[in-house]
1. Are any residues in the stretch 124-143 within 29 Å of the chain's Cα centre (by Cα) and part of a helix (DSSP H, G or I), and if so, which ones?
2. Identify, please: which residue in the stretch 312-350 is in contact with a strand residue (DSSP E or B) (Cβ under 6 Å, 6 or more places away or on another chain) and assigned to a loop (DSSP other than H, G, I, E, B) and is, among those, nearest to Lys46 (Cα to Cα)?
3. Considering only residues of the stretch 440-462 that are in a loop (DSSP other than H, G, I, E, B) and in contact with a Lys or Arg (Cβ under 8 Å, 6 or more places away or on another chain), which is nearest to Ser322 (Cα to Cα)?
4. Checking Glu64 against (1) in a helix (DSSP H, G or I); (2) surrounded by fewer than 16 Cβ atoms within 10 Å (Cβ to Cβ); (3) charged (D, E, K, R), which test does it fail?
5. Tell me, yes or no, whether the stretch 73-84 has at least one residue that is free of Cβ contacts under 8 Å to residues at least 60 places away in the same chain and surrounded by fewer than 19 Cβ atoms within 10 Å (Cβ to Cβ).
6. Name the single residue, out of those in the stretch 531-548 being assigned to a loop (DSSP other than H, G, I, E, B) and among the hydroxyl-bearing types (Ser, Thr, Tyr), that is farthest from Leu501 (Cα to Cα).
7. Give just the number: which of (1) surrounded by fewer than 18 Cβ atoms within 10 Å (Cβ to Cβ); (2) over 30 Å from Ile97 (Cβ atoms); (3) not basic (Lys, Arg) does Asp254 not satisfy?
Amino acid sequence: MNDNYKIGDFITVTHEEITTTFEILGADNRYIRLRDNLTLIESTRKRIDFNELILTEKAQIIPENKDERELCAPLSRSFSDYSEKDKIEARRRYKYISAVIEQKPKYYTARYTQPIIDSVTKSAKALPPSVRTLNRWLNSYISSGFSIRGLLPKHEYKGNYKAKVEPQVEPYIQLAIEHFKNDTCPHVNSSHEYMKTLIENDNSFLSKQLKLKVPSIPAFTARLAIEAPAELLEARKGKRVAKTVFRQSKAVRDVELILQRTEIDHTQLDLFVVDDKTKMVWGRPWVTVLLDYKSKSILGFYIGFENPSYLSVSKALQHAMSSKSYVKEEYPEIQNTWLCAGRPAVIATDRGKEFRSIAFQDACNDLNIIIQHNPGKHPWYKGSVESYFKTLNQQLLNDKPGRVMVKIYDSIDYHPEKNAVISMSAFMKIFHIWVIDIYQCEVRTRKKIIPKEVWKEDLDKVPIVIEAPEKLKLIISESFSAHLGNTGIIKDYIVYDSEKLTKYRSKYGFGKIKFKRSRDNLGEIYVLNEVTKKYFKVEAVYQNYAKNLSLYQHKKHMKVAKLQQESKIDIESIAKARIKIMEIVEREMSFSNSHKIASKQRLARYQNIGLQEDGTTKGSLVDGFLKTSSGIPKPQLKNPPKDNANIVPVSDFDGTNNEFTDDLDFSGENSG
């Protein structure tokens, strides 16, 4: 069973700079039996208490198994860091492993496992492993802590590994695979002949010693079965058949417990909100929600002005798997405890591009979460979260000033931008109170389900699987490659360097390097040590500019810098561009009712208005300016006005340049 707490593993707890180590002697769904490594005193603690310690980074699990310790350490390589070829192979192996785990054979012998192998092979069109190979995969999967990383091929650890196909032949094989995918559905022999013709044509220009060997038909057929089987089946039989076949291979058991299935979706709220201090109308925020199917509990959410994207999805997933302890600090008036946190087994999504992105697929594979893409034009497949959004709009927003009258908006003289009186901070407080004290506590659905009570009932039946915050943050961050030079790593004109990175390049030299970065904080990256296969943190050299800077903000700064300077731009020119944009924002705040709502929403997205990673709410631009402008020289004012000089700085840049694009102009003057 996949569980955080396994017999033989260790837990380290840090309190007031003193670290205590415990060995796990036993665990069930409620309690953990421990032994202090120093005093040898045994004790029993509540599982939920240790979950909270891990989520707040006060405790850490140290696996006894070396493979699991190496593969699943917080700063180890994530699944997205491996080659696409290795990830495809790991996914193929996982289909067999998940089928075996789900069917729970009495013995792992040929009599019991061979039928499972045959069933998966038939539905997934995959190459079947032998029973012995399947058992070896299963052992690797278990010893890695039930991580898909344990199913990755271990080519890099082999001493004298040599591919059977020459690397020079690989481009020809890829061309032949593309030929096989053609709409005309050629035969395997035809695509093999196509590859053979290409190789022999090029061989005619090479010497005898350099001529390439043509792969055999069986070797080519094997590659076809491994390489993108879903796409190959789609090319031959059509999308409908391919989806049916591969959906069958991912069949999910009936949902009997919490966290077995969750549903995720976005909606734009029928409510206009305003800045906490300036009362500028931001517009309608987006909410992304993860809803537990069994209990109808809200597992986590993300609220802000970010359009549906991988960022909003990853932040909602991170919130769902994180501690909710911030609630008592931020909203002490809330009476109930929000217990919902943990890793879901399945996430049901629609066909939005953010759910089909490589980053989302890699993150879910790494977290051992199955993605279930619902068929198009079948919203009832994801009915729980759709029903939640309906409830949200009807109950929470029904009586709030500023609510959008969606159906009659065009037929009456109703102006939500004039009536909106809900600030972002007030709305976030209302939203949390409604979620925790109302929605979670009231009867839901025809089955008379009370989300809070169903969740509590199942806590004793389900081991809540959690992830360390630093590890989770690394997994959902996006991967990049860059050149490591003598000044460090440069990405999007931001320079990253540290003493540890200096030692790394001094020891291993310069060259291409992999790193991970979060879209909402360009102030730091995590660099992969190619020798130890572990990450280490490197901060931006110019912290005054990059700390807590979002990618969206940085792109706006770079646009302004490129328009203002014909020569090569640098971090100083980008920082100056940031001040220019801040002047536009401050000036916009002074006459907030005179421009379009769409411009305000872009501005709110620029300033990351909404729910923050630590659970706090950013509800005003004013506080943000005090932080973002720190350490950056302010441009001198030209002809400063006598009144309100501190509120509306004037400069030679007013945002009305005709070259500026629509999404850069926050004032709305150039908006179409």
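1. Listed by number, the residues that qualify are Ala124, Trp137, Leu138, Asn139, Ser140, Tyr141, Ile142, Ser143.
2. Cys340
3. That would be Leu459.
4. Glu64 satisfies all of (1) in a helix (DSSP H, G or I); (2) surrounded by fewer than 16 Cβ atoms within 10 Å (Cβ to Cβ); (3) charged (D, E, K, R) except (1).
5. So far as the stretch 73-84 goes, yes, one or more of its residues are free of Cβ contacts under 8 Å to residues at least 60 places away in the same chain and surrounded by fewer than 19 Cβ atoms within 10 Å (Cβ to Cβ).
6. Per the criteria, the residue is Tyr542.
7. Result: Asp254 passes all but (2).
Each row is one residue, and each column tells you yes or no for (1) crowded, with 19+ Cβ neighbours inside 10 Å; (2) in contact (Cβ under 8 Å) with a residue 40 or more places away in the chain; (3) not assigned by TED's automatic domain parsing to the domain that holds Glu84.
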{"site": "Cys441", "(1), (2), (3)": "no, yes, yes"}
{"site": "Arg444", "(1), (2), (3)": "yes, yes, yes"}
{"site": "Ile466", "(1), (2), (3)": "yes, yes, yes"}
{"site": "His483", "(1), (2), (3)": "no, no, yes"}
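The values are calculated or read from the model by the stated rules, or taken from the named source; none is laboratory data. These figures come from a predicted structure and were not determined experimentally. We place every Cβ from the backbone using ideal geometry, glycine too, and count neighbours over all the protein chains shown.
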